Amino acid sequence: MKLNFLWCIALACYASAMAVQAYAQTAVGFPHLEKQGSSTQLIVDGKPFLALAGELGNNTASSLENMQPIWSKLTAGNLNCVLAAVSWAQVEPEEGHFEFALVDGLIQEARRNSLKLVFLWFGSWKNGLSSYAPLWVKRDYKRFPRIKIKGGKTIELLSTFSDASRDADARAYRALMRHIKEADGQQHTVLMMQVENEVGVLRDSRDRSEPANKAFAGAVPSELMDYLQKHKDTLAPELREVWSANGSKAAGTWEEVFGPGKPDSVEMPIQTNSPPLSQEEYQTGWRKLHWPADEIFMAWQYARYVGKTVAEGKTEYNIPMFVNAWLQQPNMAWPGTYPSGGPLPQVHDVWRAGAPAIDILAPDLYLEYFDEVCDRFTRNGNPLFIPETGSTPANVLTAFGKYGAIGYSPFAIERSVSAESDLAAVYRLVSQMAPMIAAHQGKDSMTAVRLNQGDAPKRVALGNYTLELTYTGRGRVPIAPEPGTTPQARATATAGQPAAAAILVAAGPDEYYLGGGGFRIAFSANTTGPATVGLGIVQEGKFVDGKWVVVRQLGGDDIGQGEILSLRPNTILRVVVYRYE
Ligand code: DGJ
């Protein structure tokens, strides 16, 4: 008897040990995020993965038939990843009845085309509103209530104050994650999930339904107040400013702690540039907090709701999950003109406090202030992933080379992608340099520079040398700025002239890799020693499986007889410099 008992114990221990080991093994293999220096990388099958992506139009992937002619265009454009929407309405057309045939088909087709996938869960919200909720949800507005806006009006926007909506959304999302793990837990075609799309209240600065008003009149939850206290030194400056402007209280109602919200009687500004914004407002309004109590209040509510959906999904399949933000715009700078409460930099702390399970707060970057938005979205180590943006090559190089981006993804990619496109060219270049970029992301041995025609040369200290980059555009001869040229005059003069941009990597004490184009580059030394810097070796080439392959060994005319280094568009150069006197 005693022997049997001991044998069972041993078996149970062995079984659980195996289970833990099996889980550990697979857990490691799952796509996941890892810090490297000041950046965070997406690790797929043990290696950093740079997502050279594109997001399909909202409904492009709503059938396999519609996708059929598109897959090959994506691969011809040198994409390695595609963002595709999966809607709650299609996954759970009837309550409790789940359909995953489309999801399975998209995964198989992506594999057949050597593409990775990021699914976008269009659940409770899409661009603020709720057009992708299933009909059984839309119809039962008592069980799944909407928000109320000024004057008690309601719109098709589910309220965050409904546990029924939250739980139904989380249940469906959890079923989807369980299925994706079963269908793809070994192959890792699906790398990440976006949960909801550009959430927040539209047409008013906050939900004014009865439960919302009751909560707004109540105390700020202690979890949020504790978070603010604990992180008071690293809070977003906009949030800290508002909190301190109201006495940095440790507790109180939303308005006591964050100041007055928008009174119900006040109309929402239409903000379509009538009256025209001042230069200052145009350039600064888009990064200010207006009616802060309302926006912070809604950010907390959305973080709690979406955070639950994410946490539920991760219990099934723990891969990276992010939310995307509709950015405040110069002429849409007031909460309600953009989704109030969405994951914008001024409320990132609120989202971090309310939804710790969310890995990335991501910008839909359609604004001209590319670098500034990247700066604001990489505060406090927030990883950078850009799910929606334009196809500007200089932005691609800047995102990966300067901001340590995980991925870059133009929107409605199927409309613009082709083998001849500028995007395809820069994606080819980045995919070649990917192992090197991944090795240097988050370190001060790599950066990226962009210049527009007419911009003054830029000096960058990188490794043992300072590189001075002068704009040459598509040519070789530097195009110097005309003295006294006004920004507007320069803008017209340079229209159509591509920005010059390059990723610069200090790969060794005297060795550099330069990828991009449109520059003349001069080196000067940062350390003591012989004053003159010469071009020792200059090679134009490519990386094959991470190995450098010389295509042209350069001298003579191509380097100004040894005195001028030109980086022509979509080129990778390996340069070894030396010093003499
Ligand atoms: C941003 C949204 O996230 C997309 O789904 C799409 O609606 C675009 N705006 C349209 O510009």
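Just so you know, all these numbers are worked out from the coordinates, no wet-lab data involved. Here the structure is a predicted model, which means the values were calculated and not measured. A quick note on method: Cβ atoms are made from the backbone with ideal geometry, for glycine too, and the neighbour counts reach across all protein chains shown.
Straight-line reach from K443: which aspartates and glutamates fall under 15 Å, measuring Cα to Cα and dropping same-chain residues less than 8 apart?
Within the straight-line limit of under 15 Å, K443 reaches these aspartates and glutamates: E34.
Can you give the extra length, in nm with one decimal, that the chain gains between I564 and K232 once fully stretched, where that is 0.36 nm per residue apart less the Cα-Cα distance?
Extra length available between I564 and K232 comes to 114.5 nm.
Considering the range 358-402, what Rg and Dmax in Å follow from its alpha-carbon atoms?
Here Rg and the maximum Cα pair distance are 9.9, 29 Å.
Given C-alpha coordinates of the range 314-414, what is the ratio Rg to Rh with the Kirkwood estimate of Rh?
0.96
Place the peptides 42-55, 407-420 in order of packing, highest mean first, counting for every residue the other Cβ atoms within 10 Å and averaging per peptide.
So the order, starting with the most tightly packed, is 42-55, 407-420.
May I ask you to derive the relative contact order of the range 317-471, considering only C-alpha pairs under 8 Å and at least 6 residues apart, and to give it as an integer percent?
Computed over the range 317-471, the figure is 15 percent.
Each label point is 7 Å from the Cα along the Cα-to-Cβ direction; what then is the distance between the points at E95 and D264, in nm?
Once both label points are built, they end up 3.0 nm from each other.
Given the C-alpha centroids of the range 548-581 and the range 59-111, what is the distance between them in whole angstrom?
That distance is 45 Å.
Considering the Cα trace of the range 308-365, what is its radius of gyration and what is Dmax, both in angstroms?
12.8, 42
For W300, W136, W121, what ranking results if the residue with the fewest other Cβ atoms within 10 Å of its Cβ goes first?
Going from least to most buried by this count: W136, W300, W121.
Around Q41, under 11 Å between beta carbons, what's the net of Lys plus Arg minus Asp minus Glu among the other residues?
Neighbour charge sum, excluding Q41 itself: +1.
With a Cα-only, solvent-free Debye model of the range 336-477, what are the log10 I(q)/I(0) values at q = 0.13, 0.20 Å⁻¹?
Log10 of I(q)/I(0), two decimals: -0.68, -1.37.
With +1 on the Cβ of every Lys and Arg and -1 on the Cβ of every Asp and Glu, and nothing else charged, how large is the dipole of the chain about its Cα centre, in debye rounded to the nearest 20?
440
Of K230/K314; K249/K314; K148/K232, which ones are farther than 29 Å apart at the Cα?
Over 29 Å apart, Cα to Cα: K249/K314; K148/K232.
Taking a cut-off of 29 Å between Cα atoms, list the lysines near K153, but don't count ones fewer than 8 places away on the same chain.
By straight Cα distance, K153 reaches K126, K138, K142, K214, K262, K288, K308.
Which value in nm describes the separation of the simple spin-label points at S244 and T466, placed 7 Å from the Cα toward the beta carbon?
For the pair S244/T466, the computed spacing is 3.4 nm.
What does the charge add up to near W243, with Lys and Arg as +1, Asp and Glu as -1, over the other residues with Cβ less than 12 Å from its Cβ?
Here the count lands on -1.
Given labels modelled 7 Å from the Cα in the Cβ direction, how far is it in nm from D371 to Q497?
According to this spin-label approximation, the distance is 1.7 nm.
Counting pairs of alpha carbon atoms under 8 Å apart in space and at least six apart in sequence, what relative contact order in percent does the chain give?
That works out to 14 percent.
Please give the peptides 82-93, 29-40 ranked by average Cβ packing (other Cβ atoms within 10 Å per residue), highest first, as a rough proxy for protection.
Top to bottom by mean Cβ count within 10 Å: 82-93, 29-40.
Among the aspartates and glutamates, select those whose C-alpha is under 14 Å from the C-alpha of K150, and discard any that sit fewer than 8 residues away in the same chain.
By straight Cα distance, K150 reaches D204, D207, E210, D264, E267, D294.
From the gyration tensor of the Cα coordinates in the range 500-581, what semi-axes in whole Å does the equivalent ellipsoid have, largest first, with each one equal to sqrt(5λ)?
That gives 21, 14, 12 Å for the three semi-axes.
With viscosity set to 1.567 mPa s at 4 °C, what whole-number translational diffusion coefficient in µm²/s follows for the chain from Stokes-Einstein and a Kirkwood radius over Cα pairs?
Translational D for this selection: 50 µm²/s.
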